[in-house]
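Please read the structure below before turning to the comments.
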Amino acid sequence: MGAKEYKGYYSRVVGELLSYREYKQRLKVIEYELESKLNTNGAINYESPGVQTSNIFDSTLEAVIDRLESDLADEYREKFDIVNLIEFAIVGLSPIEEHVIREKYLTGRKKADVDIWKGRKFPYAKNKYYEIKDEAVEKIARILGYV
């Protein structure tokens with residue numbers, strides 16, 4: 001595989017892996033913001049009599065439409081897709097590959113390679129660590145359709 005192709009998918013996968021934890025938390029914040037928007041903008045007062053008019057949306061429906069069409073909703077869908085695709089890809093890894101990827105990229109901080117391959121949970125030497133890590137990133141790229 002050529003260096004240019006290698007760098008292309010490798011950088012993309014690593015970038016998404018490094019963003020995973022942040023994106024996952026951002027999804028929770030967006031959910032909260034969208035729920036707050038829906039609850040404050042689209043509240044219905046059930047104590048007053050309802051009025052039905054033609055060609056006019058009620059406030060709840062307008063709030064739902066705003067929610068679905070908002071920039072927050074777009075950001076949510078984009079990050080949701082990335083988080084889910086990463087989770088799908090991780091399932092396709094072997095246990096040792098999953099361990100390396102989780103330790104290296106999914107903890108919220110990029111961990112030094114030496115801290116992983118010298119750790120008690122990694123049973124191989126340095127060269128094997130790099131082989132496993134690179135193969136795992138390539139496998140994720142294949143699962144995600146980047147290669």
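Each value in this text was obtained by applying a stated rule to the coordinates, not by laboratory testing. The model shown is predicted, which means the values in this text are computed figures rather than measured ones.
Just a few scattered comments:
- The equivalent ellipsoid of the stretch 89-128 has semi-axes of 16, 14, 7 Å, largest first, where each one is the square root of 5 times an eigenvalue of the Cα gyration tensor.
- Pairs from the list Lys79/Lys111; Lys37/Lys110; Lys37/Lys79; Lys79/Lys139; Lys28/Lys111 with a Cα-Cα gap above 31 Å: Lys37/Lys110.
- Whole-Hz ³J(HN,Hα) from phi, Karplus 6.51 cos²θ - 1.76 cosθ + 1.60, for the stretch 101-116, glycine and proline x: 5, 4, 5, 6, 10, 9, 8, x, 9, 6, 8, 5, 3, 4, 5, 7
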